[in-house]
Amino acid sequence: MRRLIALTIIMVFATAAPVAAQQQQKKPAAVKKAAKPVIYRLGDLTLSRIWSHSSATRNGAAYLQVKNASEDDDALIDASTPVAKRIELHGQGNIGEAWRTLRVDEIPMPAKQDTVLTGATMHLKLIGLRGALKAGEEIPVTLTFERAGAITVKAKVLSAEDAAKMIELTGKGKASGAKPKRPVRRDRPQGQRR
């Protein structure tokens, strides 16, 4: 009788252990703590929310927020990255009766204001990607400002879902202050590059 009871207890524990292990596997993984946003400083400029979206096409885009704490205006005049042949500065412009984003020579950074580069207004267009931009990667981008000088930052490549959340956030004005002046576009001779 003792053997029968002992055998029954062993069988109960032997079948219960795999069930308990399966239940533990089904529990959700611990939620990762959100990483602190990376902030760069260059003189009176504070650069944050620097990101790009995943892309398998020939071109991509990068976005950021710049706060100019200076009493003087500044301007983003150039950008480059090793992951693309070149970067064009894009801003809103009027072509005929339609407003579109188009290449500009500079993006103004008005004094005492935030300037947010988003897809709908101003952004950095990455032309001729040398490979796919994959979510989770960080890409180096060198930004050159008229007054403050140059700085190399890292843009986090976001998934399509995370990029949509960021666009929604900036589109509702939560990430931007006053609207910047319109970007400046100057005519250049055909084929001339920066």
Give the shape of region 33-157 as rounded, prolate or oblate, defined through the alpha-carbon gyration tensor: a ≥ b ≥ c are the square roots of its eigenvalues, a/c under 1.5 means rounded, and otherwise the shape is prolate if a/b is larger than b/c and oblate if not.
-> oblate
Apportionment of accessible area to carbon and sulfur, region 47-164, percent (1.4 Å) = 46 percent
Where labels lie 7 Å past Cα in the beta-carbon direction, separation of VAL38 and THR57 in nm | 2.5 nm
SER159-LYS85 pseudo-label distance in nm [points 7 Å out on the Cα-to-Cβ vector] = 3.2 nm
Report, largest value first, the span of the C-alpha coordinates of region 98-160 along each principal axis, in whole Å.
-> 35, 34, 20
Net +/- balance of residues flanking ALA69 in space, Cβ distance below 11 Å, scoring K and R +1, D and E -1 | -2
Would you mind counting up the charge near TRP51? Only other residues with Cβ under 9 Å from its Cβ, with Lys and Arg at +1 and Asp and Glu at -1.
-> +1
Listed pairs LYS36/LYS154; LYS85/LYS165; LYS36/LYS125; LYS36/LYS156; LYS134/LYS154; LYS36/LYS165 exceeding 23 Å between Cα atoms | LYS85/LYS165; LYS36/LYS125
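The values are calculated or read from the model by the stated rules, or taken from the named source; none is laboratory data. What you see is a predicted model; the values in this text were computed from it and never measured. All Cβ positions, even for glycine, are placed from backbone atoms using ideal geometry, and neighbour counts span all protein chains on display. Keep in mind that these areas ignore ligands, DNA and RNA; they rest on the heavy atoms of the full protein, side chains included. Shrake-Rupley method; radii C 1.70, N 1.55, O 1.52, S 1.80 Å.
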